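Values in this text are rule-based calculations from the coordinates and carry no lab data. The structure displayed is predicted, hence computed values, not measured ones. Here the Cβ is made from the backbone with ideal geometry for all residues, glycine too, and neighbour counts use every protein chain on show.
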Amino acid sequence: MLESALYRSAVALRTALIGKELIRLNTPLSAGPLPEVGSTIEEVRCHNKSIEIVWDDGMVLETQLRLLGGWHLYRQGEVWKKPQDSAHVVVEVDEWVAACFNSSSVETYRDFDPRRHPLLGTLGPDLRSASADIEECVDRMMGYEERDETISEVLHDQRIMVGVGNVYRCEILWACEIHPWAQIGTLKRAECRELVQLAHEMLQSNYVHPAHKSAEGVTHELAAYGRQGKACHRCGDLIRVAHHGEASRVLYWCPGCQTAHQPLVRPNFTPLSIDRDGMYVDQHPAAQMFMQDVISARGNSQHNTH
């Protein structure tokens, strides 16, 4: 597959898939782990001759594409150009079906994050369980060894609690008005308990009613996740997005009202948008990733000419 065609495919997939919950994934060529139905697609990466789809639970689908290989995108109910049973991958979300044909390899794996590796520490309580021990989670947060670690990373640390994916992390921090780069050492016990309790309630609600539950007072959509460039439901400021943490996961937050424990110096992070007035930023996160690809491609081109 030509590089230009690869980038075009990635752009189309991003526009159709990012922010959507998985309905069905069929990978007959892969025997690896799969993302759960209902998990949210948050990135589509392209590099070399591969396209990767990343879910909010850290699962990654990687497709290596041959010269004649590629991704097709169909609206629900649309007639396919190739036989459906010849597809090496089928990803179905609301309104769209993405199918990959003639891939040289298909692999699924979990993005490595040492904080979420079950063999590197004792797992915390599973908040997906109705009987999860909230106070034990709070105790683990209060006793967190790295006191300057950000609360965003702590919420993803499975040694503290299990079950909080990236969507819930963004929503919980927004609901509690806590800055995503707040250091865990600055939070009081009551604030930690509020975060854990809200995470538990959201996860339990989602299991009873299979749709992501956002903060109280926000209906029909999420409060922060996937809303880059849109007005905050609470203060009207614009939601921002960036990569953050060791696993470089996408993080959404509101700079206008998520100000509790805001650090004077922000830890290193990778912005997904060009630093300009948010009013002129495309609201779809796929647009930000496309601009990053354009900037990267231009940089490589300039480097090769010297």
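How big is the gap, in Å, between the Cα center of region 1-65 and the Cα center of region 143-163?
Comparing the Cα centres of region 1-65 and region 143-163, I get a distance of 28 Å.
Spin-label point model (7 Å from Cα, Cβ direction): what's the Asp148 to Leu123 distance in nm?
3.2 nm
Summing Lys, Arg as +1 and Asp, Glu as -1, what charge do residues with Cβ under 11 Å from the Cβ of Arg193 carry, Arg193 excluded?
Surrounding charge for Arg193 is -2.
Count the net charge of all other residues whose Cβ sits under 14 Å from the Cβ of Val37, scoring Lys and Arg as +1 and Asp and Glu as -1.
Its environment carries a net charge of -4.
Arrange the following residues from fewest to most other Cβ atoms within 10 Å of their Cβ: Asp57, Asp85.
Asp85, Asp57
Taking neighbour counts of Cβ atoms within 10 Å as a proxy for exposure, in what order, fewest first, do Ser103, Ser86 appear?
By the 10 Å Cβ count, ascending, the order reads Ser86, Ser103.
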